[in-house]
Amino acid sequence: MKAIRIHEDGGPEVLRYEDAPDPAPAEGEVLVELRAASLNHLDLWIRKGLPSVPKPRILGADGAGIRVDTGEPVVINPGIEHGATITVVGEHMDGTHAELVAVPEENVYPLPERLSFEEAAAFPLVFETAYRMLVAKAGLAEGEWVLLWGIGGGVSTAALAIAKALGAQALVTSSSDEKLARARELGADATVNHATGDVAAAVKEATGEGVDVVVEHVGEATWKTSLQVVRPGGRIAVCGAATGPNPPAQLHRIWWKQLTIYGSTMGTKADFEGAYELVASGRAAPVVDEVFPLADARAAHERLEAGAQLGKIVLRIPS
């Protein structure tokens, strides 16, 4: 089969479109002939160098295609549960940026009828992550306000779709006015350019008292403002720290405002199924940014690394 593999750490130039051995399903696994896969920041981190990931490695967590033994169109849940431990397709095993992948049978779900393969490949990991943050952790309720930093990213666009499906109100940020305009088309109730505008002032104008929930994945660059703009008794769900993991803690804001901070990593089978139901029912929709042929994975990586996307970058398979 053809696949995108890395044999060493580095930039997009280390991506190889090459022949790789066909996967052999183990007991309890099924073979999926992939039609589309998407990119996540996880792919960039692995490509740049995660010591825990052996080489060569086929990248890619998300995928949709045809289940070989039944001919059924399916989408893959990339989180594989082993008791309390979750491993991830593309990190702990070869991934979906290939023509074939073998995954546990319990990790494949019928392709929602309303979705193309490309749309289906765009939702699993980021929707599962956002669902766990907003629903399982923060308990976002109808009518509440949520702040979403950096609306171009996959988790933020997924969180916007989920928040609107739950009847919540969303204030989103970006350094791109074009992305903010697109976010309003997708249902954002308020927007602010965090490079040129005042996020705290925008939150006060939109909500009065502050947001109920913050989806925090930026880290040092936004942490102080996240603590400032969340209302007393509010919640902050943290799933990453792209600009650094060690900002000043601002502990006085946490106890004085009686805030709750939730750590959240990816999601469980139940989180995936909650997100899957929202997408399959049409209440929430994935956003596809741009589609590249599998052979052009390097250009796809360059677009994601530049932060040019709004939504998910997808690879069409075969090219």
query: Cα centroid distance between the range 246-319 and the range 11-88, in Å?
result: 17
- request: For the range 232-319, with all protein chains present and a 1.4 Å probe, just round the carbon and sulfur fraction of the accessible area to a whole percent.
  value: 55
task: Restricting things to alpha carbons, tell me how big the range 40-196 is in terms of Rg and Dmax, in Å.
output: 17.2, 54
message: How are the alpha carbon pair distances in the chain distributed across 10 Å bins from zero to the largest one, expressed in percent?
response: 6, 28, 34, 22, 8, 1
- prompt: Which entries in 48/137; 137/164; 224/269 show an alpha-carbon gap greater than 27 Å?
  reply: 48/137; 224/269
field: Dipole axis of the chain (+1 Lys, Arg; -1 Asp, Glu on Cβ), positive-most option in 40, 176, 152
entry: 176
- prompt: In sequence order, what are the phi-derived ³J(HN,Hα) couplings for the range 99-115 according to the Karplus relation 6.51 cos²θ - 1.76 cosθ + 1.60 with θ = phi - 60°, rounded to whole Hz, with x for glycine and proline?
  reply: 7, 9, 8, 10, 9, x, 4, 6, 9, 10, 10, x, 5, x, 4, 7, 10
message: So, for the range 176-319, what is the accessible surface per residue at a probe of 1.4 Å, expressed in square angstrom?
response: 48
Fraction of beta bridges assigned by DSSP in the chain that are antiparallel (%, nearest 5): 55
- prompt: In whole percent, what relative contact order does the chain give with Cα contacts below 8 Å and a gap of six or more residues?
  reply: 20
query: Excluding ligands, DNA and RNA, what is the solvent-accessible area per residue of the range 1-140 at a probe of 1.4 Å, expressed in Å²?
result: 39
- line: Measuring from its Cα centre, the chain shows a charge dipole (+1 at each Lys and Arg Cβ, -1 at each Asp and Glu Cβ) which, in debye to the nearest 20, is 1000
query: Could you work out the helix-only [θ] at 222 nm for the chain, with each DSSP H run of four or more residues adding -39,500 (n - 2.57) and the total divided by the number of residues, to the nearest 500 deg cm²/dmol?
result: -7500 deg cm²/dmol
- line: Rounded to a whole %, the carbon-and-sulfur portion of the accessible area of the range 15-67 at a 1.4 Å probe is 53
For the range 231-245, Karplus couplings with θ = phi - 60° (6.51, -1.76, 1.60), whole Hz, Gly/Pro x: 6, x, x, x, 10, 10, 9, 10, 10, x, 8, 4, 9, x, x
Top of 271, 69, 94 by mean-square fluctuation, Gaussian network on the chain, Cα under 10 Å: 69
Relative contact order of the range 9-84, defined on C-alpha pairs under 8 angstrom at six or more residues apart (%): 32
- request: Go through the range 275-283 residue by residue and turn each phi into a ³J(HN,Hα) via Karplus (6.51, -1.76, 1.60, θ = phi - 60°); whole Hz please, and just put x for glycine and proline.
  value: 5, 4, 5, 4, 6, 4, 7, x, 6
message: If you wrap a convex hull around the alpha carbons of the range 1-87, what volume per residue comes out, as a whole number of Å³?
response: 118
field: 194, 82, 301, 217, reordered so the largest accessible area comes first (probe 1.4 Å)
entry: 82, 194, 217, 301
message: How high is the relative contact order of the range 131-182? Use alpha-carbon pairs under 8 Å, at least six apart in sequence, and give a whole percent.
response: 40
- prompt: Of the heavy-atom accessible surface of the range 87-153 (probe 1.4 angstrom), what whole percent is carbon and sulfur?
  reply: 45
message: If amide hydrogens are placed 1.01 Å from N in the peptide plane, which non-local residues have theirs closer than 5 Å to the one on residue 90?
response: 95
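The values are calculated or read from the model by the stated rules, or taken from the named source; none is laboratory data. Only a predicted model underlies this, so the values are computations on that prediction, with no experimental measurement involved. Positions of Cβ are generated from backbone atoms using ideal geometry, with glycine treated the same way; all protein chains shown enter the neighbour counts. Each accessible area value is taken on the protein alone, full model and side chains, heavy atoms only, with ligands, DNA and RNA left out. Shrake-Rupley method; radii C 1.70, N 1.55, O 1.52, S 1.80 Å.
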